Amino acid sequence: MTHYPEKYQKLIDAQTWAFIEKTNSWYPDDATKTTMDAQRATYDRMCRAFFAGYPDGVSASDHVIPNGDHDLPIRQYHKARSDPQAHVVYYHGGGFVVGGLDSHDDICAEICDRTGFDVTSVDYRLAPEHRFPDDFHDAVCGFEHVSGTGLPVVLVGDSAGGNLAAAVSGHMRHHARAPIGQVLIYPGLGSDFTKDSFVEHEHAPMLTLEETKFYKTMRTGGDDTHFSDPRCMPLADTDFSNLPLTVLVSAQCDPLSSDGAAYCNAITDAGGRAIWFNETGLVHGYLRARHRAVRARDSFTRIITAICAVGHGDWPY
């Protein structure tokens with residue numbers, strides 16, 4: 001077993017450790033120092049190893065939508081014999097540098113199956129070839145496309161995708177068809193790296209503070225001026241009013257967990273509705289453990305419940 005600080009032997013259960021070691025088996029020790037093509041290839045192979053397939057009755061189709069000077073790939077999921085009451089826009093994780101329509105394919109299919117909502121996954125452009133704000137512009141384009149269907153829109157994203165979902169929510173809050181809700185899964189939203197979970201979980205399994213800094217730099221090319229832009233770092237906003245119903249789900253053993261608390265507090269302080277779950281003993285990227293670890297399975301059920309609730313405009317919290 002890879003060596004980690006002793007505290008994680010107590011916080012993390014055996015099933016989650018097995019998931020961590022399975023994930024780590026795909027990565028060299030210096031993964032963030034390899035070429036970007038190599039990192040993407042490794043990530044894609046790892047995601048395929050955890051692929052759980054589609055639930056019966058769920059189908060998907062790929063499309064492209066115009067976005068300025070390029071076409072934006074999307075994947076749309078539908079459950080047979082369903083009458084969807086909302087439409088989920090999903091933004092995948094991957095540090096803004098890896099991932100795509102395939103990396104979170106089965107996750108999106110299961111969200112579609114368990115909520116009955118249609119789901120659209122957005123294949124936003126990745127760094128370093130495309131720096132911020134290209135990813136944000138693609139995220140907005142995906143939202144605007146789906147908002148034209150007439151169904152209420154729920155924005156959902158994990159990790160980097162959670163950042164994009166929050167950024168789109170803030171930017172589009174006064175849109176004629178603004179998102180009705182957002183569910184953010186272990187998002188990175190722009191907190192101070194010298195405080196709270198960034199210090200407590202600097203050397204956490206699955207994501208370290210060093211890796212977090214690496215992805216942040218890759219996204220912006222090292223241009224720190226972007227960090228004061230709420231389209232890049234939603235916690236940099238000065239106005240958290242009029243945001244949609246918000247559910248944040250963080251992993252306890254994750255440098256990013258404090259971002260969930262900070263964003264939740266900012267919304268509730270501004271009079272909005274938000275709730276934060278900090279999942280005991282879980283680590284960054286645990287969505288792929290939902291069929292392997294009870295804690296991850298239970299958290300995924302919490303996420304599904306949240307998507308269903310906000311998609312119907314309900315607030316059971």
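The values are calculated or read from the model by the stated rules, or taken from the named source; none is laboratory data. From a predicted model like this one, the values you see are computed outputs, not experimental measurements. Cβ atoms come from the backbone with ideal geometry, glycine included; neighbour counts cover every protein chain shown.
Do we have A262 as closer than 25 Å to T120 by Cα and hydrophobic (A, V, I, L, M, F, W, C) here? So A262 fails the test. Residues in region 231-279 that are without any contact (Cβ under 8 Å) to a residue 40 or more places away in the chain and of a type in the set (V, I, T) were compared, and the one that is surrounded by the fewest Cβ atoms within 10 Å (Cβ to Cβ) is T238. Taking the listed residues Y77, Y124, the one that is surrounded by 22 or more Cβ atoms within 10 Å (Cβ to Cβ) and out of contact with any His (no Cβ under 9 Å at 6 or more places or on another chain) is Y77, with no other qualifying. Among residues of region 147-173 that are more than 13 Å from V88 (Cα to Cα), those with a beta-carbon under 7 Å from a residue that is of a type in the set (D, E) and at pLDDT 95 or above at least six positions away or on a different chain give the pairs L164/D135; G170/D237.
If I filter region 46-74 down to residues being within 16 Å of I111 (Cβ to Cβ) and of a type in the set (V, I, T), which single residue comes out as surrounded by the most Cβ atoms within 10 Å (Cβ to Cβ)? Among residues in region 46-74 that are within 16 Å of I111 (Cβ to Cβ) and of a type in the set (V, I, T), the one surrounded by the most Cβ atoms within 10 Å (Cβ to Cβ) is I74. Residue count for region 127-144, restricted to those that are under 21 Å from A86 (Cβ atoms) and surrounded by 19 or more Cβ atoms within 10 Å (Cβ to Cβ): 5. Test A176 against the stated conditions and say whether it is more than 17 Å from G285 (Cα to Cα), touching a residue at least 60 places away in the same chain (Cβ under 8 Å) and among the small types (G, A, S). The answer is no for A176.
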